[in-house]
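Colleague: Questions regarding the structure given below will be posed in turn.
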Amino acid sequence: MSALTKRRYRVVIIGAGIMGLSTAWHLAKRGITDVLVVDRGYLCGGASGRNGGGIRAQFSSETNIRLMRESIEICREFAAKMQINVWFRQGGYLFLTRTKQRAKMLEASAKLQRDCGLDTRLLAPSEVRDIVPEIDPTGVELASFNPGDGVVFPWPFVWGYAKAARDAGVEIATFTEVEGFSMRGAKIAGVRLKKTRHDALVAEDRDERTSAGGAGPLIDHDRERAIDEEGEAFEVECETVLCCAGAWSPAIARMVGIELPNKPHRHEICSTEPLKPWLGPLVADLTDGLYFSQSMRGEIVGGISVEPVPHGINQRSSAQFLATYARSLVRAVPTMSRVKVLRQWAGCYDLTPDGNPIVGHLDECENLVMACGFMGHGFMMAPVMGRLLAEHLATDESTELFDRWNFRRFKEGRLLSESMIIG
Ligand SMILES: Cc1cc2nc3c(=O)[nH]c(=O)nc-3n(C[C@H](O)[C@H](O)[C@H](O)COP(=O)(O)OP(=O)(O)OC[C@H]3O[C@@H](n4cnc5c(N)ncnc54)[C@H](O)[C@@H]3O)c2cc1C
């Protein structure tokens, strides 16, 4: 395990996705650099490298609206601060609804958003074309638009946090899997790690099992590989473990005997050939889960819910998705029927029963802190959540937010709500 400099760290973070890396960087900013981030795969291998890059403050709950206002501010400054271009573009989010019931929810949410300081406005179907002239508003009941929402290119966002955290002294070990924990009573004393092989991960994606070979993803292995001994298992000690393992988090919790209620759920997405810029906002139809935006490179990137998809880690693509997406996209924008899809991929949403995340200490395991269950909006949450998680880890003070979002709410029957979920 050569490249790890120590056998003991103050904090071990499981998962080098946007959540783990944002937290690691915020810890370093507070002077806590005795931090190890481990990931069983490569940077951007989880949902953080597979998402649509949508960043919005249009939610139905005040907590999410206020948190996302701060995240958007962080996104605005990210490129200059981190010296990396994340292609942040504030073209707004245009939400469409096609039922009276959802229109009511959209109305109430827009009011709440305005009370929280957003510029959200409601649009009648005939006004939708003022924002996107190419949209066919037939069947649309109501729409809402907030010009401050936007999109980023997720990969450089992840790389930006990773580089800044590393430069500040945080260690990041990719291809390093958490296999289990050594316990001392109700506390984790050590984290058992093992090197993983990238060809095995690629095969897992394809649902194949190979013992060798296979073309790996295009990444900088020399820079990313932290551990050189093949297959060797070893243990590091730590004071606190932060689980940012996204859709794999229930599996991590199971290692200490805790059954979380969140479930991994495949979500598919695709991108087209590049087009001249024509689409300002990310458009999301709350009725069938369709969403699409135009990247800075011109591609239309979008997805839709495809049902039924059994719960479980599954990152394979399906023809059913393409057909469902194409049908809904062409209904919304008929001229899209002539555009070619170039690439299709999938990742996992991390779904909780009440659409809100699981964040904070677990009562059952004193030094295990969870940050998971972020549904389809965890990327946009990570800039602000990283700051809050680092504050929590540094001070050990619990906040109202971390009490509200704690796992114990499910045992106490205190379910929350959030209606503006895409996909
Ligand atoms: C198709 C799609 C579109 C989406 N669109 C958006 C969007 O537009 N906007 C938005 O905000 N969100 C979106 N999301 C959701 C968002 O991507 C996630 O909520 C967010 O990336 C979660 O980040 P994370 O760091 O918590 O998890 P991840 O990025 O999934 O990282 C978890 C990491 O943990 C690692 N890991 C797992 N098990 C272990 C182990 N045993 N040992 C070590 N490491 C382990 C994994 O390898 C992984 O890299 C989308 C998701 C998908 C799938």
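Colleague: Out of all the residues in the range 282-302, which are surrounded by 17 or more Cβ atoms within 10 Å (Cβ to Cβ) and closer than 10 Å to Arg89 by Cβ?
Modeller: Hits for the range 282-302 are Leu282, Ser293, Gln294, Ser295.
Colleague: Within the range 38-49, which residues are more than 12 Å from the chain's Cα centre (by Cα) and either more than 7 Å from the ligand (Cβ to nearest atom) or β-branched (Val, Ile, Thr) (or both)?
Modeller: Val38, Tyr42, Leu43
Colleague: So, one more: Could you tell me which residue of the range 147-163 is nearest to the ligand (Cβ to nearest atom), considering only residues that are closer than 15 Å to Met380 by Cα and part of a loop (DSSP other than H, G, I, E, B)?
Modeller: Val152
Colleague: From the list Leu290, Leu275, pick out the single residue that is within 30 Å of Ile131 (Cα to Cα), within 23 Å of the chain's Cα centre (by Cα) and modelled with pLDDT of 95 or more.
Modeller: Just a single option satisfies the conditions, and that option is Leu290.
Colleague: Within the range 16-32, does at least one residue satisfy the condition of being of a type in the set (Gly, Ala, Ser), in a loop (DSSP other than H, G, I, E, B), in contact with a strand residue (DSSP E or B) (Cβ under 7 Å, 6 or more places away or on another chain) and outside the structural domain of Gly298 (by TED's automatic domain parsing)?
Modeller: Within the range 16-32 (the criterion being of a type in the set (Gly, Ala, Ser), in a loop (DSSP other than H, G, I, E, B), in contact with a strand residue (DSSP E or B) (Cβ under 7 Å, 6 or more places away or on another chain) and outside the structural domain of Gly298 (by TED's automatic domain parsing)), the answer is yes, since at least one residue qualifies.
Colleague: Now for a different question. Can you confirm whether Pro264 is in contact with a His (Cβ under 7 Å, 6 or more places away or on another chain) and either modelled with pLDDT of 95 or more or outside the structural domain of Val38 (by TED's automatic domain parsing) (or both)?
Modeller: Answer is yes for this residue.
Colleague: Being closer than 17 Å to Leu193 by Cβ and within 14 Å of the ligand (Cβ to nearest atom) is true for just one of Val12, Val35. Which residue is that?
Modeller: Residue meeting the stated conditions: Val12.
Residue-wise test of (1) surrounded by fewer than 22 Cβ atoms within 10 Å (Cβ to Cβ); (2) under 21 Å from the mean Cα position of the chain (by Cα); (3) on the phi < 0 side of the Ramachandran plot.
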position	(1), (2), (3)
Ile313	yes, yes, yes
Gln320	yes, no, yes
Ala332	no, no, yes
Val359	no, yes, yes
Ser419	yes, yes, yes
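Colleague: If you don't mind, there's one more thing I want to ask. When both residues are 6+ apart or on different chains and their Cβ atoms are under 9 Å apart, which pairs have a first residue that lies in the range 407-420 and is touching a residue at least 40 places away in the same chain (Cβ under 8 Å), and a second that is basic (Lys, Arg) and surrounded by 14 or more Cβ atoms within 10 Å (Cβ to Cβ)?
Modeller: Qualifying pairs under 9 Å: Leu415/Arg409; Leu416/Arg404; Leu416/Arg409; Ser419/Arg102; Met420/Arg56.
Colleague: Considering only the range 381-401, how many residues are surrounded by 19 or more Cβ atoms within 10 Å (Cβ to Cβ) and either in contact with an Asp or Glu (Cβ under 9 Å, 6 or more places away or on another chain) or closer than 18 Å to Leu260 by Cα (or both)?
Modeller: The number of residues fulfilling the criteria is 3.
Colleague: Moving to a separate point now. Within the range 164-176, how many residues are within 20 Å of the chain's Cα centre (by Cα), in a helix (DSSP H, G or I) and under 25 Å from Arg192 (Cα atoms)?
Modeller: Selection size over the range 164-176: 1.
Colleague: Output the strands (runs of 3 or more DSSP E) that fall wholly within the range 312-411 and possess 2 or more residues being charged (D, E, K, R), or say none.
Modeller: Ranges flagged: 341-351.
Colleague: Of the conditions (1) closer than 26 Å to Trp405 by Cβ; (2) among the acidic types (Asp, Glu); (3) touching a Gly at 6+ places or on another chain (Cβ under 7 Å), Asp119 clears all except one; give me its number.
Modeller: Here Asp119 meets the rest and fails (1).
The values are calculated or read from the model by the stated rules, or taken from the named source; none is laboratory data. Just so it is clear, the model here is predicted, and its values are computed rather than measured. Here Cβ is always computed from backbone atoms with ideal geometry, including for glycine, and neighbour counts include all displayed protein chains.
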